[in-house]
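The values are calculated or read from the model by the stated rules, or taken from the named source; none is laboratory data. None of these values were measured; they are calculated from a predicted model. So basically every Cβ, Gly included, is an ideal-geometry build from the backbone, and we count neighbours across all protein chains shown. Quick note on the areas: whole protein, heavy atoms, side chains included, nothing else; ligands and nucleic acids left out. Shrake-Rupley method; radii C 1.70, N 1.55, O 1.52, S 1.80 Å.
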Amino acid sequence: MASPCFLLLQPLAASASATSCTNKRRPRRVSCNATPSSRSSTPTGDGEEDMQPRRLDRREVVLVGGLTGAAAANLGLMPALAGDDTEPAATCITAPITDKLIKCVSSSDGFRCPVAYLPEDVIDLASLPGPPPTGGPLRVRRPAHLLDAAYVKKYEAGVRMMKALPDDDPRSFKSQATIHEAYCNFHYKFLTTTPPVDFDVHFSSVFAPWHRMYIYFYERIIGELTNDPAFALPYWNWDSPDGMSLPAIFANPASPLYDAKRNQENVKSTIDLNLGPGKQNDLPLCSSTEDGDSCVKAANLCTVYRQMAVDTAAQFHGDRFCAAGVKAPGSLENAAHTAVHIWTGDPLSANAGEDMGVLGTAARDPVFYSHHSNVDRLWHLWRSTDPGHADFVGDEDWLQTSFVFYDEKRRPVRIRVRDVLEPGNLGYAYEARERLEWLDKRPKPATGIDRPTVKPSDVVSFPLALKNGRKEYLTVKRPEKNGGSKKAPEVLVIDVDIDPCEYAKFDVLVNVPRGQEGKVSPQNSEFAGSFVNLPHGGGDGGMKVGMGRLKLAYRFALRELIEDLRCGGDATLDVTLVPVAGEMVVVDGVRVELLK
Ligand code: C2O
């Protein structure tokens, strides 16, 4: 049965047909430039038959040998949502994802998988001496804008040496960047299904641990090449006002830390963690007359606060990986993280850009690793600044998820999520800063809003295709009381259907009367947050055709918003969707749910 708060969620007929990222170039289209030859791809190594990669609907997934039930569960692919016909189908992974389940597949149009390894050579990280696992002192990661000259020299030397290694050395800069491209651009496949299903480390709870593993090995490689086991990857401290610009060490064109493929206009200014692609933004960043720079910084602090003030691991990390069907990214990925990518690499204005701005090429920019060092730090801070915040404690499927990376000694090492929960177990720490400014930047209700007593209500039906410049007004029912006196926190869930090759962004406002949106900024409680997509595609070809559309569910936290707006007694919420880069977004449904 649909729950009473379930609002008109219908499957979208159009999404069943795969779309091509090649044929329809629109003005704001950026990244998915494929040639017809990218339609087929050839696996590396084992001589499997050619495959035509595409995204699948759950009903199309056929397990090898027609397995069902328990056997299918053993392979890790099972429909995750049961019972409710109105909910979109989802094939989510119910077993740990491991190197036994997924495999990189090179493509005939230029993408080559990262350096291969023999399964029998793989060693477990846990079997290496430690902690720290490979011996040596604790490595302390510091803000990139506060490094001394000697440290910068070392960092530059390390990256220069990585760039000088031959491409087939797994420690080379090229190999490292290819790892991200392989894991984020649908080059990994679940080979337990026919046809193979794409795997991607984004849009699920694999995001934080996978990126922690990835930059851990990158850091170890620099330490090895510079002969300094204490080398620690600096972090781009964009959550602190002093760090809200491109760190100078990345802006020197003579440095190996430089990348010309950045948006040259953005990277000279203060970073904007609410930036839409192409500098679009339909809402003001400030509701007062603050000067431009301090206003952007104040809005940034509220944005970081908002992504960190979520109660559960699922809100923060996202849900388990779904092979087909609805993916649910967490706030760590969707909010500031994605904005930093867009700000640095946005190719939609006349100022070049691209590497950081597209998932396929992001790790070709050396600043990527310091950006993700900060994302990693925010994971650590989410847990350490609030005793109520915990990862998926006891979820063995998540904890046993593992990947294989080459380490600094060129050994293929299997590393599990369980191994990476504590930075200390990996031999690194984040320098303690005296003050985390975002910690007390809880947004405040907007002032000057005139609240009419009679609310106009729109009748909105789903699927709802967003249009830039056209706001959508919805009235959404809140769930019935949660049995007892204490209600579980509520979240606003928005189901979206997007083209994964396109930028997408829309802002979400709650209880803002029609026409008064301009009085609300990210500094206000009424601003529930934004949904943002960074395009897939780019890179060395492959997987750009027939990618189809992607269904995502994003949760906007409501607990503090409802407290701040004092609307806990209301039966409904008024929700405004403000498209920023919205032309490719279809909203499948909007509902309020109780957190489990
Ligand atoms: Cu794998 Cu910031 O992305």
### Message
Using amide H atoms built in the peptide plane, which far-off residues or other-chain residues are under 5 Å from Lys327 H to H?
### Response
Lys551, Leu552, Ala553
### Message
Tell me the accessible surface of Met584 in square angstrom (1.4 angstrom probe, heavy atoms of protein chains only), to the nearest ten.
### Response
40
### Summary
Per the 1/(1 + (r/R0)^6) rule, R0 = 35 Å and r from the Cβ atoms of Thr453 and Asp293, FRET efficiency to 0.05 is 0.35
### Query
Once phi is turned into ³J(HN,Hα) by the Karplus curve 6.51 cos²θ - 1.76 cosθ + 1.60 with θ = phi - 60°, what whole-Hz value does each residue of region 365-377 show in order, with x for glycine and proline?
9, x, 5, 3, 5, 7, 4, 6, 5, 6, 4, 4, 4
### Query
Which pairs break 27 Å Cα to Cα here: Lys163/Lys409; Lys163/Lys261; Lys261/Lys551; Lys551/Lys596; Lys103/Lys327; Lys154/Lys409?
Lys261/Lys551
### Task
Please list His389, His372 in order of solvent-accessible area, largest first, computed with a 1.4 Å probe with all protein chains present.
His389, His372
### Message
How large is log10 of I(q)/I(0) for region 111-263 at q = 0.20 Å⁻¹ when the intensity is taken from the Debye formula with one equal scatterer per alpha-carbon?
### Response
-1.55
### Summary
For Ala465, the residues 5 or more places away or on another chain with a placed amide H closer than 5 Å to its own amide H are Val587
### Query
From the phi of every residue in region 523-537, what ³J(HN,Hα) in whole Hz does the Karplus formula 6.51 cos²θ - 1.76 cosθ + 1.60 yield, where θ is phi - 60° and glycine or proline is x?
7, 10, 4, 5, 7, 6, x, 10, 9, 9, 10, 9, x, 7, x
